[in-house]
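Working notes, structure below.
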Amino acid sequence: MGRKRRTDLPGSGESSESQEAGGGRGGPQRPPAQQQPQPQQPQQQGGYQGGGRGWAPQRGGYGGRGGGGRGVQQQYYGGTPEHQQGRGGQQYQRGGPPRRGGYGGGRGAPSAGGPSRPPAPELHQATQSPYQAATTQPSSYGRQVETLGGASSSSQAPEPTELEVSEQIQQLSIQSEVAPSQEMQPASSKSVRFPLRPGKGSYGTKCIVKANHFFAELPDKDLHQYDVSITPEVTSRGVNRAVMEQLVKLYRESHLGKRLPAYDGRKSLYTAGPLPFASKEFKITLIDEEDGPGSARREREFKVVIKFAARADLHHLGMFLQGRQADAPQEALQVLDIVLRELPTTRYCPVGRSFYSPDLGRRQPLGEGLESWRGFYQSIRPTQMGLSLNIGEQLLNRDVSARPLSDADRVKIKKALRGVKVEVTHRGNMRRKYRISGLTSQATRELTFPVDERGTMKSVVEYFQETYGFVIQHTQWPCLQVGNTQRPNYLPMEVCKIVEGQRYSKRLNERQITALLKVTCQRPQEREYDILQTVHHNAYAEDPYAKEFGIKISEKLAQVEARVLPAPWLKYHDSGREKDCLPQVGQWNMMNKRMVNGGTVNSWICINFARNVQDSVARSFCHELAQMCITSGMAFNPEPVLPVLSGRPDQVERVLKARFHDVMTKLQPHKKELDLLIVILPDNNGSLYGDLKRICETDLGIVSQCCLQKHVYRMSKQYLANVALKINVKVGGRNTVLVDALSRRIPLVSDRPTIIFGADVTHPHPGEDSSPSIAAVVASQDWPEVTKYAGLVCAQAHRQELIQDLYKTWQDPVRGTMHGGMIKELLISFRRATGQKPQRIIFYRDGVSEGQFYQVLLYELDAIRKACASLEPNYQPTVTFVVVQKRHHTRLFANNHHDRHAVDRSGNILPGTVVDSKICHPTEFDFYLCSHAGIQGTSRPAHYHVLWDENKFTADALQSLTNNLCYTYARCTRSVSIVPPAYYAHLAAFRARFYMEPETSDSGSMTSSAVAGRGAGAGARSTRVPGPMLLRGGNPALRRPSPLGSSCPNLCSEGLGLPATRVIAIAHHCKGYGTIAHRPLQRGGWGKGASGEEEEEQGSLSWGCGG
């Protein structure tokens, strides 16, 4: 998890610099109604009144009492026909959802430590009629699998006409079309099936793009699998591979039938055809290079037994790729993957699925002994190969002084070097290698050790002088400890050289990150060329393993059909000169526009922590910022409550609390609250930003806006406009809203009350082995606009990916079983904000790898359903569960880099480019969407994979909704790269890292990523998470937060710079801590909800029953 850059600029990962795009007055005129893809929507019950272009759509006339049922065909997985129940024949209660039949039993979710693919409960979901593979999936796979990733340089060509593009697409389809069977072969009756693709999308402008996927023909060989056992058993794959390499070298011709086997480094061996035996034993001798005492290298003998296990079936893989079988045959894919990894494993340095080498590109120094190597990623499921980077460790070339190391320095060096492999340089050509296990607490000159059985002691300095004639220069340094801790060997640092090519997995500092970004940032055309060069360098046509197994790999990038979805019209306030706007190439600006709902800031102050910013400059900046907020449509008092105050960064807590006390003393007699704190920070502020946010949001309960010193001096209009956008949403305003949302034209969102969730879990940095993971869930709080969000965050077990607090139950001694959790509280909040109960849930889940799909779906969908049922019997809104992935290796390139109409200014594909064929899953509902304009480097499209869909989205409906939502991100005037609810959840989880306060511990390591940089060298620390908090975030009525318990390991928040208006509390139950209920809010609390009835002020929040 990377550290958030310490500034509050809009975008946080997207550029905060909006460009002057043609969304201005000379831009295109808005048509009367934007054309939208028409989904195959279910028949609606009841109707809405109004909902035209007016800003406040009427909510009266919600679905009548007659509520005709809709008989929907359902498909059940893992269950029997007896469990099937229809959903028709129900009536809407007052504004309530259609009641649904109960779910099949046995929905037990896997525990945190459960298997990666647990037995599926009897989940069932409404789906469309059986999948018609022939009409929906272009079988570009045929008998092919994709592998690797590369590119070809583009040539200058005239701009293609629409007819030419259509002919190209048609030709592609004809080339790859293989008529698949109409029926899917059933897999295990126990497994849960992900939704089938409901057809390809057709909305948008068609085009061709290239992807870094290379197709591989499936072999027709008879593949055999053999079990391998090596004794004595070793954990190192490298040793295992060395043993098998020696075995093949010695016995391939005589005993292996001249076959060249592929080995996975563990227990499996694969051959293209049978070996001439069912079981055989071999004796292999290896000469060991490492860690042996004495001068002679050790010889190690191994016994290897190879035994026939099974034949690998490629028939089912072919069926899967043609869309005629639902489950991917993992065993067959694994064989092909291992075969194609054999040669690169011997040539390069393998790390996971990637390979690195200094020969693949120039090595770049990153500072402090680190350098970056180029590499490539390779996978065959279907295989992709993109360029990535490895950090290889070389010499630890810090500047050293003559003084002894301090304890803090010694601890830091010990942590950095533990596990690193070194070779000695004091023995001529005898370059023995050792792995560092620790660092001595004494200096080299003080170290002695016994040299004989009588216990005669000799110093390390004397030993090296007498034995090797080596005079140790830096006797004040500690020695490296190598070998085991019982009998450690001491090596002076100056005789050791770190073996190059070792992966560095610890956290980089900011200078190293900057250097790394410079290396990795490549324009699309350069990256495509590099990928192609890598493929050429790997020479798959000459790969003896690929030849042996009959695998042929294309050397051309896959050409893929794509579509560019149009940008949505955005609504601004009618008092501005431009009332609406059509973004151009993913961006627009605020010129001549006013926020659609301007927030109010009556009382504000400014604190300046940047020593180089004079008070007069700070005053001038605040005045300009206030004017920009007013111009943009906010009600902003131009004068602060108190003058600008300068404070010292090392006294941030004292300064904040003293100034807050002063301002509240002045405001309280007038029954006013502090609406905003503006903070000016130095450009390099270490932990100041995190400390400030923690104090403001968990202690004082105030909205803060941080500005860096360099922007205060520049005072550019563009920067001020972006900061105004952020301030507006923090104080409860709305910047813009989709025109189609106001006119109720968003398919499967506008027709019924719909809540959109975003969820993410961030994990601690590598090396931090005790910090908790943090889960965040946000949810839309307005409908039909879907632009405001509220959020909750919670700490959970270290590196736990399943969100534990989505649904919770606990026993109350008085009230019995209590239900709570993040989903329930956000549903209640939506109910209060809109007066409606959500009848449809769209859940965007970020950060889930494919290996966790089943586990996350089963656990979290079950939690969503239980949370809904805990609010009202039979309350089960329809759910669509979509995983959002950014950490993948697929890249899309323009078919012609010189076609100005096919690329943006950075040379990347146009925002809105969507791909749902060829490189996507053969049968399941997924797509790649590049929703943002590139700024620098090569854009990475987001990958969306639908794991559950009871709302029966068409491809067009879900793709358009996702793309349009990317234009509603509140913190900048650009479309963003992932859907905003997922983006907000990521930001919320990131922010919660700052809430983890350090405390002194003797654990011996710095484990708080929230306070990185604080107190370096100040001793060992660990982290503590404060108890649940009521945080102020967009609700000006709440004065301060109330801690809800001193030792509960969970924490909750809302706001965090999200466009939100509600303060949420969550009633937690934590094992060993009892029930913790929130306190009643005095002002602006739950009071009267949007529905008009009184809400109870108790520990469990009421669902309400009004319409």
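The values are calculated or read from the model by the stated rules, or taken from the named source; none is laboratory data. Because the structure is predicted, anything quoted here is derived from the model rather than measured. As a convention, Cβ positions derive from the backbone with ideal geometry for all residues, glycine included, and neighbour counts pool all protein chains shown. All accessible areas refer to the heavy atoms of the entire protein, side chains included, with ligands and DNA or RNA removed. Shrake-Rupley method; radii C 1.70, N 1.55, O 1.52, S 1.80 Å.
Observations, loosely collected:
- Selection status of GLN481, over 42 Å from the mean Cα position of the chain (by Cα) and either open to solvent by 50 Å² or more (accessible area, probe 1.4 Å) or at pLDDT 85 or above (or both): no
- In this structure, SER750 does satisfy being surrounded by fewer than 24 Cβ atoms within 10 Å (Cβ to Cβ) and within 17 Å of ASN964 (Cβ to Cβ).
- Checked against (1) over 13 Å from VAL712 (Cα atoms); (2) touching a Ser or Thr at 6+ places or on another chain (Cβ under 7 Å); (3) acidic (Asp, Glu), ASP615 passes all but a single condition, namely (1).
- Residue count for the range 297-334, restricted to those that are open to solvent by 90 Å² or more (accessible area, probe 1.4 Å), under 22 Å from ILE551 (Cα atoms) and among the acidic types (Asp, Glu): 1.
- Condition broken by ASP899, with the remaining ones in (1) of a type outside the set (A, V, I, L, M, F, W, C); (2) open to solvent by less than 10 Å² (accessible area, probe 1.4 Å); (3) over 25 Å from LEU742 (Cα atoms) satisfied: (2)
- Residue in the range 413-431 that is open to solvent by 50 Å² or more (accessible area, probe 1.4 Å), of a type outside the set (Asp, Glu), in a helix (DSSP H, G or I) and under 30 Å from VAL351 (Cα atoms) present: yes
- Residue selection: ALA721 fails the criterion of being closer than 24 Å to VAL883 by Cα, in contact (Cβ under 8 Å) with a residue 24 or more places away in the chain and open to solvent by 10 Å² or more (accessible area, probe 1.4 Å).
- Residue within the range 832-839 that is touching a strand residue (DSSP E or B) at 6+ places or on another chain (Cβ under 8 Å), farther than 23 Å from ILE978 by Cβ and of a type outside the set (Gly, Ala, Ser) present: yes
- Residue in the range 565-585 that is over 23 Å from GLY912 (Cα atoms) and aliphatic (A, V, I, L, M) present: no
- Filtered residues of the range 253-281 (kept if under 19 Å from GLU301 (Cα atoms) and open to solvent by 10 Å² or more (accessible area, probe 1.4 Å)): ARG266, LYS267, LYS280, GLU281
- Positions within the range 773-819 being under 30 Å from THR736 (Cβ atoms) and not in a loop (DSSP other than H, G, I, E, B), in sequence order: ILE774, ALA775, ALA776, VAL777, VAL778, ALA779, SER780, TYR789, ALA790, GLY791, LEU792, VAL793
Every residue, every condition in (1) open to solvent by 70 Å² or more (accessible area, probe 1.4 Å); (2) out of contact with any Gly (no Cβ under 7 Å at 6 or more places or on another chain); (3) at negative phi; (4) in contact (Cβ under 8 Å) with a residue 40 or more places away in the chain, yes or no:
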| residue | (1), (2), (3), (4) |
| --- | --- |
| ASN489 | yes, no, yes, yes |
| ASN509 | no, yes, yes, yes |
| CYS521 | no, no, yes, yes |
| THR534 | no, no, yes, yes |
| TYR540 | no, yes, yes, yes |
| ILE551 | no, yes, yes, yes |
| VAL560 | no, yes, yes, yes |
| LEU565 | no, no, yes, yes |
| LEU582 | no, no, yes, yes |
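- Count of residues meeting criterion [touching a helix residue (DSSP H, G or I) at 6+ places or on another chain (Cβ under 8 Å) and among the small types (Gly, Ala, Ser)] in the range 821-846: 1
- Test result for LEU700, closer than 17 Å to ASN602 by Cα and open to solvent by less than 60 Å² (accessible area, probe 1.4 Å): no
- Residues of the range 491-503 classified as open to solvent by less than 40 Å² (accessible area, probe 1.4 Å) and out of contact with any Cys (no Cβ under 7 Å at 6 or more places or on another chain), total: 5
- Flag: LEU681 does not match the condition of being over 29 Å from the mean Cα position of the chain (by Cα) and of a type in the set (A, V, I, L, M, F, W, C).
- Some residue of the range 585-594 being among the aromatic types (Phe, Trp, Tyr), open to solvent by less than 20 Å² (accessible area, probe 1.4 Å) and more than 21 Å from CYS966 (Cα to Cα): no
- Test result for ARG237, surrounded by 16 or more Cβ atoms within 10 Å (Cβ to Cβ) and among the basic types (Lys, Arg): no
- All told, ALA902 falls short of being touching a helix residue (DSSP H, G or I) at 6+ places or on another chain (Cβ under 8 Å) and small (Gly, Ala, Ser).
- Qualifying residue in the range 375-391 (condition: in a strand (DSSP E or B), in contact with a helix residue (DSSP H, G or I) (Cβ under 9 Å, 6 or more places away or on another chain) and modelled with pLDDT of 75 or more): yes
- Test for TYR928: is it of a type in the set (Phe, Trp, Tyr), modelled with pLDDT of 95 or more, open to solvent by less than 20 Å² (accessible area, probe 1.4 Å) and touching a His at 6+ places or on another chain (Cβ under 6 Å): yes
- Note on the range 932-958: residues that are of a type in the set (D, E, K, R) and more than 23 Å from GLN839 (Cβ to Cβ) amount to 1.
- Selection count, the range 256-275, where residues are part of a loop (DSSP other than H, G, I, E, B) and more than 24 Å from VAL234 (Cβ to Cβ): 5
- Here ASN684 does not qualify as within 30 Å of ASN509 (Cβ to Cβ), open to solvent by less than 20 Å² (accessible area, probe 1.4 Å) and of a type in the set (S, T, N, Q).
- Note on the range 340-360: residues that are assigned to a loop (DSSP other than H, G, I, E, B) and either more than 17 Å from ALA242 (Cβ to Cβ) or in contact with a Cys (Cβ under 6 Å, 6 or more places away or on another chain) (or both) total 3.
- The set of residues in the range 820-835 that are under 24 Å from SER773 (Cβ atoms) and not in a helix (DSSP H, G or I) comprises GLY820, GLY821.
- The range 302-317 residues that are over 13 Å from LYS267 (Cα atoms) and without any contact (Cβ under 8 Å) to a residue 40 or more places away in the chain, paired with ones that are of a type outside the set (A, V, I, L, M) and assigned to a strand (DSSP E or B) (beta carbon under 8 Å, 6 or more apart): HIS316/GLN325
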